[in-house]
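The values are calculated or read from the model by the stated rules, or taken from the named source; none is laboratory data. Computed from a predicted model, the values in this text were never measured in an experiment. When we count neighbours, we look across all protein chains shown, and the Cβ atoms used for this are built from the backbone with ideal geometry, even at glycine.
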Amino acid sequence: MTPVTFFELPIEQQIARATAAAQQAVTLYDFPDGVTLDLLKHRENTVFAVIAPGGRKLGALRVHAPVYQTEASILSEFQWMQALDEVGVRTPGVVAARNGALVVSVEIPELPEPRLCDVLEWIEGRPPGDEDIVASFHTLGELQARCHKHASRWSPPAGFTRQRWDDTTLLAGAHHTVAPAWDNWALSAEQRELILRCRDALRERLARWGKDRERYGIIHSDLMPENLILTDDGVRLIDFDDAGFGWYLYDPASALLYYYGTDLYETLLQSWLSGYRSERQLSDEDLVEMPTFLLLRCFYALGWLHARRNSDTAAAFIAPVVMWSTEIATRFLAGEGTNR
């Protein structure tokens, strides 16, 4: 019998095992006796608030998903966060363990492999609400432009390593935690053939687009409004776990895809564009390529959901993702614009 992977376990078992790992990890830090853990999110990682006996939140503890990151890649994430913070893109600090380590490894009997854990500074604030959505996309544009401007000039330090979100992974079916998009269980035979045809056409399109420093570099890749924290003294940018190498236009496509086909899409695109152009040049010629990167994000979404097909997230998003993917792919192959 083939062993069951972590993401094939029922969600309740995944959370229980990640919680046990977090409970062990928290003992490695100089937190006061009696701290408790409050589950914040279980998606790629499992994230907990570390709460002091009096109720004050001391940090966000991440239990990393198996296989996804290594100690070296997590430390690289922290290096880029620090580099951004130094140029005014405010990011969380990292809380060191008692022995000075920024990343710790824990083992529990319920898990076959050690788990990497870390703690990030707790940021008091709130993510934007639905009423803030248009303004949030303007802020996303500003922040993404600053990140891209920095990335186009930054030389990563020796040993820097992060995943790639490009043709070598998403179009090759070669990402270690994202299944090939064309394997998605919810695709019909006709839709699967469409995605395969798009894979080849998209590879050619991206080869022509190129990977020069003004178009391709280190990106956040998951910069949604929910990853902005509004504080009393400004906006903080969080959740760099997916940060990696990719095309800069993949960043806005990641956020815009979830509004594709809605009445809000064009408004949000224009709000993002206004924010972006206030910080970094983007030509109309480059903007025309946004559909290319919406389609590349569809490849990610189909593959990500397939790898986690027993999750509540997959159940909630599979129908719209298949719908978006089919429509964007059809229009892409027909040579039509999809900025809509």
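For the reader, a short list of remarks on this structure follows.
- Scanning the stretch 147-165 for residues that are surrounded by 20 or more Cβ atoms within 10 Å (Cβ to Cβ) and part of a helix (DSSP H, G or I) returns Cys147, His148, Ala151.
- Of the residues Tyr276, Tyr248, the single one that is buried (at least 22 other Cβ atoms within 10 Å of the Cβ), farther than 21 Å from Thr326 by Cβ, more than 19 Å from the chain's Cα centre (by Cα) and not assigned by TED's automatic domain parsing to the domain that holds His64 is Tyr276.
- Residue count for the stretch 118-139 satisfying the condition of being in contact (Cβ under 8 Å) with a residue 60 or more places away in the chain and closer than 28 Å to Thr70 by Cα: 5.
- Pick from the stretch 79-99, criterion among the small types (Gly, Ala, Ser) and assigned to a loop (DSSP other than H, G, I, E, B), ranking: surrounded by the most Cβ atoms within 10 Å (Cβ to Cβ): Ala97
- Criterion violated by Arg126 - all others in (1) surrounded by fewer than 15 Cβ atoms within 10 Å (Cβ to Cβ); (2) closer than 26 Å to Leu294 by Cα; (3) touching a strand residue (DSSP E or B) at 6+ places or on another chain (Cβ under 7 Å); (4) of a type outside the set (Gly, Ala, Ser) satisfied: (2)
- Residue under evaluation Leu40, criteria (1) among the aliphatic types (A, V, I, L, M); (2) touching a residue at least 60 places away in the same chain (Cβ under 8 Å); (3) assigned to a strand (DSSP E or B), criterion not met: (2)
- Scan the stretch 273-301 for residues that are in a helix (DSSP H, G or I), in contact with a Phe, Trp or Tyr (Cβ under 8 Å, 6 or more places away or on another chain) and either β-branched (Val, Ile, Thr) or under 30 Å from Gly173 (Cβ atoms) (or both) and the total you get is 10.
- Residue tally, condition over 22 Å from the mean Cα position of the chain (by Cα) and basic (Lys, Arg), over the stretch 161-202: 2
- One residue alone among Ala16, Ala72 is farther than 27 Å from His150 by Cα and part of a helix (DSSP H, G or I), and that residue is Ala16.
- Within the stretch 100-115, the set of residues being over 28 Å from Val235 (Cα atoms) and surrounded by 18 or more Cβ atoms within 10 Å (Cβ to Cβ) comprises Val104, Val106, Arg115.
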